[in-house]
Amino acid sequence: MYQVIDGKRISQEIKDELKEKMARLKARGENRCLAVIQVGADPASSVYVNNKKKACEYVGIESLSYGLPEETTEEELLKLIEELNGKGSVSGILVQLPLPGHINEEKILLAISPDKDVDGFHPVNVGNLSIGRPGFVSCTPAGVIQLLKRSGVEIQGKECVVLGRSNIVGKPMAMLLLRENGTVTVCHSRTENLREVTRRADILVVAIGKPKFIDESYVKEGAVVIDVGIHRDENNKLCGDVDFEKAAPHCSAITPVPGGVGPMTIAMLMSNCVG
Ligand code: GUN
């Protein structure tokens, strides 16, 4: 029988711990304030932004909300970020992605002060992660590590295979597993004999953005499978990059979609905000 890793429960546990920590900080006169910037009104982004604001309220973090029109120029956005960088009362800045096409995303992410970069996307924080220095870590991969640790999955010495090499998930995921003393392989769209590689994995993290791509033929018997994907299937039902029904019976533990990795991203954002 396989264990279903409950991301909803674990994320709640983390938010409750952070709420207590925040109360202790406030008792010492300390505050935290997250500035959330959304450009345009992409419905999915609006849902994420709202959930982030609600989580802030739950944990006891102040939040400032900037809903800017789609036509906002790069210069205007840069000016706002500069202002927030200099504002002592603001401890974290988050620019919701994706940005409209006329704005250079990289330029915007570079403008956020690394010590307020709670998303962990700034090259300074990415670099710090890769050389083992403290800094903000990208929320989704940080959440995967918490899911593993809090489910009693040992990482040290294990064969860890990361499927996907994005800057936001795949690459930081590999660095974090390495930091936990895993033996790490990163696979991607050009990897040859993919099944041969994924079937070596004790821990398989899938972040390729292809609905139900991973079935039992990619999974070693008894592996732990973490599914970072989120999609709608042909019946408009949420599903991941992993075909849960087919893969689960061959796993020792697996994350569901929804209710696996998803809720962890916001919990780790809150963790980055509280510090
Ligand atoms: N869009 C999708 N995921 C994320 C995220 O983690 N952070 C930000 N800023 N935008 C996103």
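The values are calculated or read from the model by the stated rules, or taken from the named source; none is laboratory data. Please read all numbers here as calculations on a predicted model, not as lab measurements. Every residue, glycine as well, gets a Cβ built from its backbone with ideal geometry; the counts of neighbours run over all protein chains shown. In case anyone asks, the SASA skips ligands and DNA or RNA and just uses the protein heavy atoms, side chains included. Shrake-Rupley method; radii C 1.70, N 1.55, O 1.52, S 1.80 Å.
Points to keep in mind about this one:
- Looking at the chain alone, DSSP beta bridges between its own residues are antiparallel in about 5 percent of cases.
- Ligands, DNA and RNA left out, the 1.4 Å accessible surface of the chain is 50% carbon and sulfur atoms.
- Contact order relative to length of segment 38-132, as percent, for alpha carbon pairs under 8 angstrom and 6 or more apart: 28 percent
- Against the chain, whose longest principal axis is taken from its Cα atoms, helix 7-27 shows a tilt of about 30°.
- Expressed as a fraction of 2.2 N^0.38 Å, the value expected for a compact globular protein of N residues, the C-alpha radius of gyration of segment 127-171 is 1.22.
- If you run the Gaussian network model on the chain, springs between alpha carbon atoms under 10 Å, then out of ASN128, ASN235, ASN50 the most flexible one is ASN235.
- Stokes-Einstein D for the chain, Kirkwood Rh over Cα pairs, 37 °C, 0.692 mPa s (µm²/s): 169 µm²/s
- Under 5 Å from the amide H of VAL184 lie the amide H atoms of CYS160, each residue being 5 or more positions distant or on a separate chain, with H modelled from the backbone and absent for Pro and chain starts.
- Across segment 28-178, the volume of the C-alpha convex hull divided among the residues equals 141 Å³ per residue.
- Coarse-grained scattering of segment 218-271 at q = 0.18, 0.22, 0.28, 0.31 Å⁻¹, given as base-10 log I(q)/I(0) from a Debye sum over alpha-carbon atoms: -0.62, -0.83, -1.06, -1.17
- Summing charges over neighbours of ASP6, with a neighbour being any other residue whose Cβ is under 15 Å away from its Cβ, gives +2 when K and R count +1 and D and E count -1.
- Our summary gives the chain a relative contact order of 22 percent, counting only alpha carbon pairs under 8 angstrom and 6 or more residues apart.
- Here the Debye sum runs over all C-alpha atoms of segment 85-146 as equal scatterers in vacuum, and log10 of I(q)/I(0) at q = 0.12, 0.19, 0.28 Å⁻¹ comes out as -0.32, -0.76, -1.22.
- Listed pairs LYS54/LYS246; LYS53/LYS237; LYS54/LYS79; LYS8/LYS53; LYS15/LYS87; LYS54/LYS237 exceeding 29 Å between Cα atoms: LYS54/LYS246
- Note that the chain presents 49 Å² accessible area per residue, ligands and nucleic acids not counted, probe 1.4 Å.
- Candidate residues LYS15, LYS79, LYS171: accessible-area rank, largest first, probe 1.4 Å: LYS79, LYS171, LYS15
- Cα point-scatterer Debye curve for segment 151-275, base-10 log of I(q)/I(0) at q = 0.13, 0.18 Å⁻¹: -0.49, -0.96
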